[in-house]
Amino acid sequence: MRSNNTSIGFGETEKRLQLLYQITSQSKKGLNEQLDNALELTTQLLEMEIGIISSISKESDTYSIRNFFPEDSGLSMGQTFDLGNTYCSITLESDDVIAINHMKESAYERHPCYNAFSLEAYIGIPIVIDGELYGTINFSSPNPKEGGFVPSDYTLIKLLSEWVAATIKRARIVKALREKNERLELISRNSADLICLHDMDGVYTFVSPSVENILGFTYKELLGTNHADLIHEEDLEMLMDVPQKELEENGVITNTGYRIRNKKGEYIWFESSVSIIKDPDGKSIGLQSISRDITARKKLELMFENAQEMAHVGGWEFDLITGEIFWTDEVYRIHDKEIGSELILDEGMDHFPGESRDKLAMAINKATMNHEKYDLVLPFISEKKVFKWVRAIGEPHIVDGNVVRLSGTFQDISKQVNYEKRIIAQNEELLKLTETRDKLYSIIAHDLKGAFFGINGMIELLIDELKESKSKLRIENSIKTLSLVHLSSKNAYELLENLLDWIRVQNGQISVEKEKVSIAKLLTDSISIFETSAAKKGVAVNMQSSDIHIMGDVNMLSTVFRNLISNAIKYSEKDDEIEVDIKENAHSVAVSIKDSGIGMTSEIKDQLFDKNNRPQRRGTLSEKGTGLGLLLCKELVEAHNGTITVISEENNGSEFIVNLPKL
């Protein structure tokens, strides 16, 4: 149930965008604190009384409160209700945002929740995590929603639901990672590492009994074999390069990771520290290794990398002392750069075009000089020349009053920025549609006013004639006037019916429904509507007969000619004449409506079709004008691929020429 209140300004949209940014930027807070804060901020923005995040069990058909605002609402975490007794039963049926401005006046006035709690206003949406229903987020109030919910409220609730789902999902992942890590630590504390002795070629000379639990081999099976025979061939090449050189230079290598084959033929991850054993004379006689299974930790690291990739966020660090730069894999991916390739600070800055580079450089300078953190949203061009939007966050690390390194996060937020731009564009379009609607409503009043003005004039004339009806001629004149009243009333009704059809045109899109139209008949019908108004001024409307036809929309063209003829009469002096002329050529028809009235200055003429500065002039008998009729005429003529032009001089009358294609 969507609100009819579609007139929303950029200020309201900006508030909602700022709220979403504020909510999604509280990553350092705990889960419940984030959710509680989101409920509080959104409840206040929507001017509601209560905000709730619920979990729903379809098996038991129950609704449980997970988070709520405010604290004194009488609710409690874990409080459970029958799902059918809550408005969320309506939300789940719609499977989308549902908003009710005034429950008592809605189709749900007999809902059990309304009978129990008398909540008048409500807006809510389901929360879905990995395709499964989790619950709902909803806001309600005992008071009707004044002015109704606006379109950007729907967008806000949708995005908020997605953020809640992502936040809860992320918390689940973090919890799972933490639990796995705790279990890993417990295993490490209570299980013996694998301790081995080797000769200088790597052949096992001693293997601790823990090998059976770690690799599945007995220690006897490994004695006399070479450790290198169990190492994955891709890692063996790596170990023979850097770690081997380190061992030769330093006599020890620590925490080297690689894959090793167990008895089942599977490869697991090992982390080993190796040192050289020397005799009393300092001669190298063997190697000692201490190893542990780090497969679980590697999986966690991979999960963390995947989580970073899903969120398009990575970490970075810059050592100001050594000049070394470190990126996580996701930062490489955002840059479209090969993972592990050489990093040069100036080259990294070159990815930020124009002023964005200067802005980032200034932020880094303030971080190093003034110890200030920064959080920037910047345009970015990757190695593959892909344009992106990124969020760059950095903070200084200080030792003895000096910044020694900078670290932070780097996130691709292109989708978020583009979505925000789409919201702004949609609201711009909404404003245009609202303006079109308002113009249409005003012209309805404008046209109907003219029609009923003619009817009222004839009724007044009829009353005067009846008061003096002492002769047959008077009675005949009264009957003639009454016939004109009937005709004008019928025309006014048709006018009202046509204009009401305009209101039904959705989204401001005017659909031209063409048919064969007689231009002369349209003009004659339009002239007849204003017969009384013309007679009151003694204005004669002259039109030559014509048999010219075009393909056009009857309702639209009738509205155009009614407005132009009404204006010609309005701005004509007493006893003036109005000339209506129809001409055609091979492809088009020109309709001229020319009066000899008060005319207009060049300044007024230039403003006729300016919707932001339209002139509003009174007629020669002080008839009121809004200037909206001509705006509508221009739009309707252009909808037919036609044009409307004006020739006018002050005190020398005006001529409006409508050119329309025949087809």
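The values are calculated or read from the model by the stated rules, or taken from the named source; none is laboratory data. Here the structure is a predicted model, which is why all the values come from computation and not from measurement. Every residue, glycine among them, receives a Cβ derived from its backbone with ideal geometry; neighbour counts consider all protein chains shown. We work out accessible area using only protein heavy atoms, side chains counted, and drop any ligands, DNA or RNA first. Shrake-Rupley method; radii C 1.70, N 1.55, O 1.52, S 1.80 Å.
Odds and ends about this structure:
- Qualifying trypsin sites (Lys or Arg not before Pro) for the stretch 316-409 [loop in DSSP, other Cβ within 10 Å: at most 14]: K373, K384, K385
- Solvent-accessible area, 1.4 Å probe, carbon plus sulfur percent, for the stretch 32-85: 42 percent
- Förster-model FRET efficiency, 45 Å R0, M240 and I321, C-beta, rounded to 0.05: 0.90
- Taking the square roots of 5 times each eigenvalue of the Cα gyration tensor of the stretch 99-161, largest first, gives ellipsoid semi-axes of 23, 15, 8 Å.
- Between S60 and N37, the FRET efficiency from the beta-carbon distance, with R0 = 30 Å, is close to 0.50.
- Packing rank of 340-347, 230-237, where each peptide gets the mean count of other beta carbons within 10 Å, highest leading: 230-237, 340-347
- Considering all C-alpha pairs of the stretch 43-134, those separated by over 22 Å amount to 24%.
- Entry for the stretch 131-280 at q = 0.13, 0.14, 0.21 Å⁻¹: log10 I(q)/I(0) = -0.75, -0.83, -1.38, Debye formula applied to identical alpha-carbon scatterers, no solvent contribution.
- Sorted largest first, the principal axis extents computed over the alpha-carbon atoms of the stretch 307-377 equal 32, 28, 23 Å.
- Evaluated on the stretch 550-609, the Kirkwood hydrodynamic radius is 13.4 Å, with distances taken between all distinct Cα atoms.
- Cα-only Debye scattering, the stretch 131-185: base-10 log of I(q)/I(0) at q = 0.20, 0.28, 0.29 Å⁻¹: -0.85, -1.11, -1.14
- Ligands, DNA and RNA aside, F81 has an accessible area near 50 Å² when probed at 1.4 Å.
- Solvent-accessible area per residue in the stretch 521-604 equals 43 Å², computed with a 1.4 angstrom probe and all protein chains kept.
- Packing, as the average of other Cβ atoms within 10 Å across residues, places the peptides 125-136, 535-546 in the order 125-136, 535-546, highest first.
- Hull-based mean projected area of the stretch 342-405, where the convex hull spans the alpha carbons, in square nanometres: 4.7 nm²
- Area projected by the alpha carbon convex hull of the stretch 73-211, averaged over all directions, nm²: 15.0 nm²
- A Förster radius of 60 Å, combined with the Cβ-Cβ distance separating D199 from L133, puts the computed FRET efficiency at roughly 0.45.
- Length gained when the stretch H587-N143 is fully extended (0.36 nm per residue, less Cα-Cα span): 153.7 nm
- Inter-probe distance in nm under a simple model that places probes 7 Å from Cα toward Cβ, at D358 and D336: 2.6 nm
- √(5λ) per eigenvalue of the Cα gyration tensor, the stretch 327-442, largest first, Å: 38, 19, 11
- Net lengthening on full extension, K15/L177 (0.36 nm per residue, minus Cα-Cα): 54.7 nm
- Rounded to two decimals, the Cα-based Rg/Rh of the stretch 227-377, with Kirkwood Rh, is 1.10.
- Stretched out straight at 0.36 nm per residue, the stretch from D229 to S106 would grow longer than its current Cα-Cα span by 36.6 nm.
- Cα pair distances in the stretch 518-663, grouped into 10 Å bins until the bin that holds the longest one, percent each: 12, 45, 35, 8, 0
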